[in-house]
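Here's the structure we're looking at; comments come further down.
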Amino acid sequence: MKSPLLSLPGAVPAEGADEGVAAHYGDLFREQRALADGNGFVDLSHRGVVAVTGADRLGWLHLLLTQHVSGLPVGEATEALILSAHGHIEHALYLVDDGTTTWAHVEPGTQDELVAYLESMKFFYRVEVADRTDDFAVVHLPAGSIAEAPEGAVVRQTAYGRDLFLPRADLESFAAQAGPPAGILAHEALRVEQHRPRLGFETDHRTIPHELGWIGTAVHLQKGCYRGQETVARVQNLGKPPRRLVFLHLDGSEVHLPAPGTELRLATEEPDGRRIGFITSSVRHHELGPVALALVKRNVPVDAPLVAGTTAAAQEVVVEP
């Protein structure tokens, strides 16, 4: 879905998973600094929007999601996962309930599969599931923003700012009064700085929640009854995840960022040495320079210098080994 905000001055379209919104509006670092200072907004209108209504919605979602949502207070934001039977991450949902509807925004293009799964699990519960992507657009306001949410918007307040579920017809009028726009690249740079994983970026077909630090924020360890819960409990109580998320400071003298998927190896090994991980997201940060998130094998020493392709990298621990 192509955003009408791509017509704003300086807008450069994003590619790949974020196609449909602006990568930036002419000055990546200025846009990052504005967001960090609590100014402006980010157009996330390419993300999927799913709504669940009905008297049983929270109790029903509680049975399907990794998060404890049966008593979710009105207006309180949370996030949750849907796992496979083997405990691998299939969906990530960013949730809020407004008293009559539970709203979730999800990765672009994943809403159809999510809705199909939820529909298959309705059984006798009094719930209705709807893809509302055509009707509602997601807009992000950074922490500290004083911009007001317009009438008709549903607000999801987090430590990182506010996500607005905005009627899509109001997107352009909101943009006209919400301050300077920031592109998805600025939003991604701050996400990487904050060590926050993203479905399809930090995940692959075998990722489990422990590897990314999603335990606690998206997985509640005192509940069961959801698909994949056995794997979560077994790893939590008896074992350790095979991989762990790390934050990398990259050599700033390199012209090009190592792309997602770039292999990592120990700096002490030969260029064709064994692969110990790979880059998942890489960005240029307005203060930190080139940085990245990566998955490495659990037993890689936390102080070991790494090489991403040909780029030297120093790691910070995100998930303890």
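The values are calculated or read from the model by the stated rules, or taken from the named source; none is laboratory data. What you see is a predicted model; the values in this text were computed from it and never measured. Cβ sites come from the backbone with ideal geometry, for glycine too, and all protein chains shown count toward neighbours. All accessible areas refer to the heavy atoms of the entire protein, side chains included, with ligands and DNA or RNA removed. Shrake-Rupley method; radii C 1.70, N 1.55, O 1.52, S 1.80 Å.
Quick notes
- When Thr268 is tested against (1) at pLDDT below 95; (2) at negative phi; (3) surrounded by 12 or more Cβ atoms within 10 Å (Cβ to Cβ), only condition (3) is not met.
- Members of the range 158-176 found to be of a type in the set (D, E, K, R), under 20 Å from Leu6 (Cα atoms) and either assigned to a strand (DSSP E or B) or out of contact with any strand residue (DSSP E or B) (no Cβ under 8 Å at 6 or more places or on another chain) (or both), listed by number: Asp163, Asp170, Glu172
- Evaluation of Arg265 against (1) basic (Lys, Arg); (2) in contact (Cβ under 8 Å) with a residue 60 or more places away in the chain; (3) not in a loop (DSSP other than H, G, I, E, B) (one fails), failing number: (2)
- Within the range 51-65, the residues that satisfy the criterion of being of a type outside the set (Val, Ile, Thr) and either at pLDDT below 95 or not in a helix (DSSP H, G or I) (or both) are Ala51, Gly54, Ala55, Asp56, Leu65.
- In the range 297-317, the residues that are of a type outside the set (S, T, N, Q), buried (at least 20 other Cβ atoms within 10 Å of the Cβ) and either closer than 13 Å to Glu211 by Cα or in contact with a His (Cβ under 9 Å, 6 or more places away or on another chain) (or both): Ala313
- Selection status of Val42, assigned by the TED database to the domain that holds Thr101 and of a type in the set (A, V, I, L, M): no
- Residue within the range 183-193 that is at pLDDT 95 or above and open to solvent by 60 Å² or more (accessible area, probe 1.4 Å) present: yes
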